[in-house]
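Visitor: What follows is a single structure, and I will ask about it in a moment.
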Amino acid sequence: MTVTTVQNAVSGAELRRAMGHWATGIAVITTEHEGAIAGLASNSFTSVSLEPALVSWAVDKRSSSFGLWTSTDNFAVHILSESHRDLVQRFAARGTDKFAGLAWEPGALGSPIVADDVPRIECRLWQRVNAGDHVILIGEAVSVSDPGSFRPLTNHVYWAK
């Protein structure tokens, strides 16, 4: 096997194309801080630790709601099912009121709960980590809901529609 030394890092577009082959779930993450609410679609969600119960996800520094994500102390992760494609479109849109016309209620820490029939993890912020053009938010789970039977929506299922 020949090993080639690489002089330059890959571009963000190249990395995005390669990572598009990695099957991940799609989550909607919401927050509330001082009366302001925000939400976005994410496929960077992952578990971090069981003791303590920690999860993480990453927010783009160019997000229109980035200021809120760097101020909040809570977030709710909604792990979407195949029947929630509409929430992906709603929360992936830029420059729109993602909550307009959407029924929701505040969760245990105030984050909007936008779907009660999906696995959901409500978190208290544990730590923020600066990581290139994103910030990783690590949260300690304070509440978990499990609807039982569930067919997760993955990026492969979503984009194959």
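Laboratory data are not the source of any read-out in this text; all were calculated from the coordinates shown. Because the structure is predicted, anything quoted here is derived from the model rather than measured. No Cβ is skipped: glycine too gets one built from the backbone with ideal geometry, and neighbour counts run over all protein chains shown.
Visitor: Rank T30, T72, T96 by mean-square fluctuation in a GNM of the chain with C-alpha springs under 10 angstrom and give only the top-ranked residue.
Guide: In the Gaussian network model the winner is T96.
Visitor: Follow-up question, since we're still on this one. For the stretch 8-55, just the Cα set please: Rg and Dmax, both in angstrom.
Guide: 15.2, 45
Visitor: At R0 = 25 Å, how high is the FRET efficiency between S149 and L50 if r is their beta carbon distance? Nearest 0.05 is fine.
Guide: 0.55
Visitor: Here's another thing I want to ask about it. Checking the a/c ratio against 1.5 first, then a/b against b/c, what shape does the Cα gyration tensor give for the stretch 20-148?
Guide: Since a/c stays below 1.5, the shape of the stretch 20-148 is classed as rounded.
Visitor: If the only charges are +1 at each Lys and Arg Cβ and -1 at each Asp and Glu Cβ, what is the size of the charge dipole of the chain around the Cα centre, to the nearest 20 debye? Mind showing how you got there, number by number?
Guide: Numbers: 13 positive and 16 negative charges, 132 e Å.
The calculation lands at about 640 debye.
Visitor: I need to check one value: relative contact order of the chain, counting alpha carbon pairs closer than 8 Å and at least 6 residues apart, in percent.
Guide: 27
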